[in-house]
Amino acid sequence: MKVDLFIPCLVEQFHPMVGEATAKVLVRAGVEVSYPKGQTCCGQPLYKSGDRKGSRPLARHFIRLFENSEAVVAPSGSCVSMVRNYYPELFRDDARWYDRAVELGKKVYELTEFLVRVLNVTDLGARWEGKAVYHDSCQVSRALGIREEPRVLLQQVRGLQLVEMERPDLCCGFGGTFSLQFPAISETMVQEKAHHILACGVDILVSAEISCLMNLGGYLQKQGHPVRAVHIAEVLAQTDAP
C-alpha cells in the first residue's frame, strides 16, 4: 500500500522530528511512504478565524495535491478533521469541489487511526522505558472519535507503563486562535489540565496532537516540571530506550 504523508504546519515549523517519526512508523508498518512536494497549510487557521473565502484556495490546493492518493496520513487530528469534516462545508454551494472534497475525506487518516483501523497493526516493536499518560485532544477524540487506538498502540510499547489521568479528555486550552483571543481563559484551562497530568507522577505526556503538546509542554517546562511532552509517533518510532 502506498501512503502520501501530509505534514501539518506546526510539525514542519517547530517539531519536524514528529514528521520523520511518522514516516519511520509507517515504513515499519509495511507501507510505501511518499511525501508530495508543494504542500501548504490545509487552511484550518483561516477557517476557524471565520475567513472562509481565504481558506478555500488552500483547500483547493490540498485537494488537487492529494485527491489521487491511495491514502493520506497525517500526525494531526485537527488537520484530518479539517479535511474530512470542514472541506465539504467550505464547498457546500459548489457541487464540483464539494464532491471532490467528500471523496478525498474518505481516504485521509490520522496516524493511529490508520495503523489500527486500516492496517490492523498494533505492535510496532517500539521500546520506551518510563511511565506515561495519554492526553485525548479535542480534535482527535471528539472530532474524529479516536480514543482507543492510541492506547492500544502504547500498551504494546516495551518498557512503557501507561496510566490514565482523571479527565483525559479535558481540553488543554490551546484551541488554535482561541488561546490568542482569550489568553486568560486558556491559561486557566492549561493549569487545570497540567494538575491532572502531574497527579499521575509520570515521566512523559503523550498525545497525537502537536498543538496540545506544545501548549501543555510549554506550560510544564515554564513551571519547572520535568514531564516531557512527546508525540505518539516519536514513542512508536523508538526501538531503543531513550
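Computed quantities for the displayed model
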| read-out | value |
| --- | --- |
| Pair list, Cβ < 8 Å and 6+ apart or interchain, from the range 8-20 residues that are farther than 14 Å from M214 by Cα to residues that are β-branched (V, I, T) | G19/I7; G19/V11 |
| Failed condition for R64, given (1) within 23 Å of P16 (Cβ to Cβ); (2) free of Cβ contacts under 8 Å to residues at least 40 places away in the same chain | (1) |
| Pairs with Cβ under 8 Å, 6+ apart, first in the range 215-242 and touching a residue at least 60 places away in the same chain (Cβ under 8 Å), second aromatic (F, W, Y) and surrounded by 13 or more Cβ atoms within 10 Å (Cβ to Cβ) | I232/Y134; V235/W128; Q238/W128; A241/W128; P242/W128 |
| Among (1) of a type outside the set (A, V, I, L, M); (2) surrounded by fewer than 23 Cβ atoms within 10 Å (Cβ to Cβ); (3) modelled with pLDDT of 95 or more; (4) touching an Asp or Glu at 6+ places or on another chain (Cβ under 7 Å) - the single one T112 does not satisfy | (2) |
| Residue satisfying condition, being outside the structural domain of Q13 (by TED's automatic domain parsing), more than 17 Å from S141 (Cα to Cα) and touching a strand residue (DSSP E or B) at 6+ places or on another chain (Cβ under 7 Å), within set I197, I232 | I197 |
| Top-ranked residue in the range 96-110 [being in contact (Cβ under 8 Å) with a residue 24 or more places away in the chain and either assigned by TED's automatic domain parsing to the domain that holds A208 or over 16 Å from K2 (Cβ atoms) (or both); ranked as farthest from the chain's Cα centre (by Cα)] | W97 |
| Answer from T177, T188 - the residue that is surrounded by fewer than 16 Cβ atoms within 10 Å (Cβ to Cβ), in contact (Cβ under 8 Å) with a residue 40 or more places away in the chain and not aromatic (F, W, Y) | T177 |
| Filter result for Y134 (among the hydroxyl-bearing types (S, T, Y), touching a strand residue (DSSP E or B) at 6+ places or on another chain (Cβ under 6 Å), closer than 28 Å to E32 by Cα and outside any loop (DSSP other than H, G, I, E, B)) | no |
| Considering residues of the range 1-45 that are polar (S, T, N, Q) and in a helix (DSSP H, G or I) only, the residue modelled with the highest pLDDT | T22 |
| Some residue of the range 193-208 being in a helix (DSSP H, G or I), modelled with pLDDT under 95 and of a type in the set (G, A, S) | no |
| Matching residues, the range 46-74, being touching a Ser or Thr at 6+ places or on another chain (Cβ under 9 Å), in a loop (DSSP other than H, G, I, E, B) and surrounded by fewer than 18 Cβ atoms within 10 Å (Cβ to Cβ) | S49 |
| Meets criteria (among the acidic types (D, E), in contact with an Asp or Glu (Cβ under 9 Å, 6 or more places away or on another chain) and part of a helix (DSSP H, G or I)) for E103 | yes |
| Meets criteria (at positive phi and within 20 Å of the chain's Cα centre (by Cα)) for G145 | yes |
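The values are calculated or read from the model by the stated rules, or taken from the named source; none is laboratory data. As the structure is a prediction and not an experimental result, all values here were calculated from the model. All Cβ positions, even for glycine, are placed from backbone atoms using ideal geometry, and neighbour counts span all protein chains on display.
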